[in-house]
Amino acid sequence: MKLQLATWPEVEAYLKTSDAVVVPIGSTEQHGPTGLIGTDAICPEVIAAGMAERNVLVAPTLSIGMAQHHLAFPGSITLRPSTLMAVIRDVVGSLANHGFRRFMFLNGHGGNIATVHSAFAEIHCESSMAGRASELHLELFNWFTGPRIKKLSAELFGDAEGSHATPSEISLTWHAYPDRATDTVLDPKRAPDGDFRDAIDYRNTFPDGRIGSEPDLASVAHGERLYTAGLEDAMEALDRLRNK
Ligand code: NI
């Protein structure tokens, strides 16, 4: 069940059966010359939509994340880490008020990880400083590090996966939006690899936006297989959270 397509009595009824909610979280940032700017939000949103068909309540996607390092490319949008932490805190606080206790943030962006964990620590500080046990179970699950996804990505793409604008994430977005698939050939075939500091440094080091990847290898067919693997990984992670 998608929260946005539910009524409040339906949410109240759901809460009698489960206190778990999935919150997809992504980013709005460049993904190389052929990847969609919404890639990191689309991927968890698509997997979460599959979960919503399996009787899981799915909150609206938090589509804008922490992407300061992408700001030298047009169209990228970031929240400051402090803003994103405040957003997460308010989303959790709102739903906890209704009785939700288990939160799975289904994440599509590596740049969100540190900030989401810091937000969880901020939330737990409330109870820790008051000397009481927190009732909340807050989990971050990155769809791209699930066991089935990692195995399938390695099998399909090997070293060509890279770390940004990867053929796996591009394939998954093309599965969701096949009319956006392209057979454009990129030069160089494999993007450079390395570190970055801020937005200007990133663009100087990775001029077309990719890091270490060969998104030319992406396809709609691969995206369908990755979707199935990602959905099973996410359901397994949610089952672990439900049993805590
Ligand atoms: Ni990405």
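What follows is calculated from the coordinates using simple rules that are stated; it is not laboratory data. Note that the coordinates shown come from a computational prediction; the quantities given were computed from them, not determined experimentally.
Some observations on this one:
- Whole-Hz couplings from phi, Karplus 6.51/-1.76/1.60, listed for the stretch 174-181; x for Gly and Pro: 6, 4, 6, 10, x, 6, 9, 5
- Distant-in-sequence amide H partners of Thr28 (H built 1.01 Å from N, under 5 Å): Gly65, Ile77
- Gained length - Thr228 relative to Ser127, 0.36 nm times residue gap less alpha-carbon distance: 32.6 nm
- Taking Asp19, Asp40, Asp187 in turn, the Gaussian network model of the chain (Cα-Cα springs below 10 Å) assigns the largest fluctuation to Asp187.
- Rounded to the nearest whole Hz, the Karplus-based 3J(HN,Hα) values (6.51 cos²θ - 1.76 cosθ + 1.60, θ = phi - 60°) of the stretch 87-99 follow the sequence 4, 4, 4, 6, 5, 5, x, 4, 6, 5, 4, 8, x, with x at glycine and proline.
- Directionally averaged projected area (the stretch 3-242, Cα convex hull): 13.2 nm².
- Across the stretch 2-19, computed HN-Hα scalar couplings (Karplus, 6.51 cos²θ - 1.76 cosθ + 1.60, θ = phi - 60°) run 8, 4, 5, 9, 9, 9, 5, x, 5, 5, 4, 5, 4, 5, 6, 10, 7, 10 Hz from first to last residue, x flagging Gly and Pro.
- Between the C-alpha center of the stretch 18-43 and that of the stretch 201-235 there is a gap of 12 Å.
- For the set Lys150/Lys189; Lys16/Lys150; Lys16/Lys244, the pairs lying more than 25 angstrom apart at their alpha carbons are Lys16/Lys150.
- Cross-link partners of Lys2 among aspartates and glutamates, defined as those whose alpha carbon lies under 17 angstrom from its own and excluding same-chain residues fewer than eight positions apart: Glu10, Glu12, Asp19, Glu45, Glu53.
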